[in-house]
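A.B. asks: The structure's right below; bear with me while I get my questions together.
The values are calculated or read from the model by the stated rules, or taken from the named source; none is laboratory data. Since the model is a prediction, treat every value here as computed from it, not as a measurement. All Cβ positions, glycine included, derive from the backbone under ideal geometry; neighbour counts span all protein chains shown. We work out accessible area using only protein heavy atoms, side chains counted, and drop any ligands, DNA or RNA first. Shrake-Rupley method; radii C 1.70, N 1.55, O 1.52, S 1.80 Å.
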Amino acid sequence: MKVVQGLKHWIEDYKEIDTLAEELSLAMDYIKEDLVTEEEIDHLYSKVISRLEDVELRNMLREEEDKMGAVLKINSGAGGTESQDWASMLVRMYMRWCDDQGYKVTVTNWQDGDDAGIKTATLQVEGDLAYGFLKSENGVHRLVRVSPYNAQGKRMTSFASVFVVPLVDDSIEVDINPANMTWETFRSGGAGGQNVNKVETGVRLRYMYTDPETGETEEILIENTETRSQLDNRENAKRLLRSQLYDKELQRRNKAKASIEGSKKKIEWGSQIRSYVFDDRRVKDHRTNYQTSDVDGVMDGEISPFIKAYLMEFGGE
């Protein structure tokens, strides 16, 4: 059914563009008879080009992992309440964008900030080409605004990081060594009734991963508080672990993928991929130099132009 849906999407796109192109051709004939205006011709032409570019963009996402869902992990940087509030704003932005794309979003981990916002959140995004589009968001995001949490009303700069990996399904073979896994349980906390607060349903999975090429060992830490069932949370944590291990295997097989992983810089000055300057009404991507003055629109999830600019410039790599 997934294959059928994928093919159906391409066929419908082709038919739509073919129909629009035919309408444009007819309109060019009608303009000679003053049946349509130049403005109508320009509008129709722009519509054809826009749809054609959308399909062209999808056609660039041909890597094996591009068609998969995605796991987004958003962490607040140093700066206390202000950066934690910024991290929660990014979560809202991505959830709005996913909703516009028709993607299903599941919150698999959520840790509230000390006073406002969040310390960290993990979103599971399911839908065709979700990872292909969202991989462009991997990196540090910088906010500049007059902070509502500053008594002097000073302009403040905050950072948050976004880490994106493919969401693997059961058809992907990933080797997990049980001997390298350790489990911890904790109370989920937050809203949800007595069960959430009294029963240790949250799980913390630690996995010691050894790079087969360098022999270096690193700890992968995954927390899951998605459901009230500890068993279900364990299964979800294992799935997220498989996603991260699959991502590491992709990096070994495809050296170009290492450039994306390399964009995971420290959450500080000079490392940001995009700046959101509220006072100047400007959002700018430092990789493509694409920018917009529609700050409110961007924060409401209108980030497709940034994704498109990135993929059209770097997608071929």
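A.B. asks: Looking at segment 294-312, can you tell me whether even one residue there is at pLDDT 70 or above, of a type in the set (Val, Ile, Thr), outside any loop (DSSP other than H, G, I, E, B) and buried (at least 18 other Cβ atoms within 10 Å of the Cβ)?
C.D. replies: Scanning segment 294-312 turns up at least one residue that is at pLDDT 70 or above, of a type in the set (Val, Ile, Thr), outside any loop (DSSP other than H, G, I, E, B) and buried (at least 18 other Cβ atoms within 10 Å of the Cβ).
A.B. asks: Could you pull out the residue among 116, 160 that is of a type in the set (Gly, Ala, Ser) and farther than 27 Å from residue 313 by Cα?
C.D. replies: Of the residues listed, the single one that is of a type in the set (Gly, Ala, Ser) and farther than 27 Å from residue 313 by Cα is 116.
A.B. asks: Give the residue, chosen from 255, 266, that is more than 22 Å from residue 161 (Cβ to Cβ), of a type outside the set (Gly, Ala, Ser) and at pLDDT below 85.
C.D. replies: Going through 255, 266 in turn, the sole match is 255.
A.B. asks: Quick check, is residue 287 among the charged types (D, E, K, R) and in contact with a His (Cβ under 7 Å, 6 or more places away or on another chain)?
C.D. replies: Taking the combined requirement at face value, the residue does not satisfy it.
A.B. asks: Related question: Just to verify a result, which residue in segment 48-75, among those that are touching an Asp or Glu at 6+ places or on another chain (Cβ under 7 Å) and touching a residue at least 40 places away in the same chain (Cβ under 8 Å), is farthest from residue 90 (Cα to Cα)?
C.D. replies: My answer is 55.
A.B. asks: For segment 19-64, how many residues are touching a Leu at 6+ places or on another chain (Cβ under 8 Å) and not in a loop (DSSP other than H, G, I, E, B)?
C.D. replies: Summing the residues that are touching a Leu at 6+ places or on another chain (Cβ under 8 Å) and not in a loop (DSSP other than H, G, I, E, B) in segment 19-64 gives 13.
A.B. asks: Among the numbered conditions (1) at pLDDT 85 or above; (2) surrounded by fewer than 17 Cβ atoms within 10 Å (Cβ to Cβ); (3) over 17 Å from residue 276 (Cβ atoms), tell me where residue 71 comes up short.
C.D. replies: With (1) at pLDDT 85 or above; (2) surrounded by fewer than 17 Cβ atoms within 10 Å (Cβ to Cβ); (3) over 17 Å from residue 276 (Cβ atoms) applied to residue 71, the lone miss is (2).
A.B. asks: Quick one: which of 88, 25, 46 is closer than 19 Å to residue 140 by Cβ and hydroxyl-bearing (Ser, Thr, Tyr)?
C.D. replies: Matching residue, one of 88, 25, 46: 88.
A.B. asks: Can you work out which of the residues in segment 1-30 that are in contact with a helix residue (DSSP H, G or I) (Cβ under 7 Å, 6 or more places away or on another chain), under 27 Å from residue 67 (Cα atoms) and charged (D, E, K, R) is most open to solvent (accessible area, probe 1.4 Å)?
C.D. replies: Checked segment 1-30; the qualifying residue most open to solvent (accessible area, probe 1.4 Å) is 16.
A.B. asks: Take the residues of segment 188-227 that are surrounded by 14 or more Cβ atoms within 10 Å (Cβ to Cβ) and part of a loop (DSSP other than H, G, I, E, B): which is modelled with the lowest pLDDT?
C.D. replies: Looking at the filtered set, the residue picked out is 188.
A.B. asks: Please identify the pairs in which a residue from segment 1-30 that is among the acidic types (Asp, Glu) has its Cβ atom under 7 Å from the Cβ atom of a residue that is surrounded by 10 or more Cβ atoms within 10 Å (Cβ to Cβ), counting only partners at least 6 apart or on another chain.
C.D. replies: Partner pairs satisfying both residue conditions: 13/55; 16/51; 23/44.
A.B. asks: Name the pairs whose Cβ atoms lie under 6 Å apart, with the first residue in segment 114-125 and over 11 Å from residue 82 (Cα atoms), the second modelled with pLDDT of 90 or more and assigned to a loop (DSSP other than H, G, I, E, B), and 6 or more positions between them or separate chains?
C.D. replies: 125/103
A.B. asks: Which pairs turn up if I take residues in segment 83-99 that are under 24 Å from residue 129 (Cα atoms) and look for partners that are open to solvent by less than 30 Å² (accessible area, probe 1.4 Å) and in a helix (DSSP H, G or I) with beta carbon separation below 6 Å, at least 6 apart in sequence or on another chain?
C.D. replies: Every condition considered, the pairs that remain are 93/299.
A.B. asks: Let me ask another. Among the strands (runs of 3 or more DSSP E) confined wholly to segment 89-168, which include 3 or more residues that are open to solvent by 40 Å² or more (accessible area, probe 1.4 Å) and farther than 16 Å from residue 79 by Cβ?
C.D. replies: The qualifying strands (runs of 3 or more DSSP E) are 104-112.
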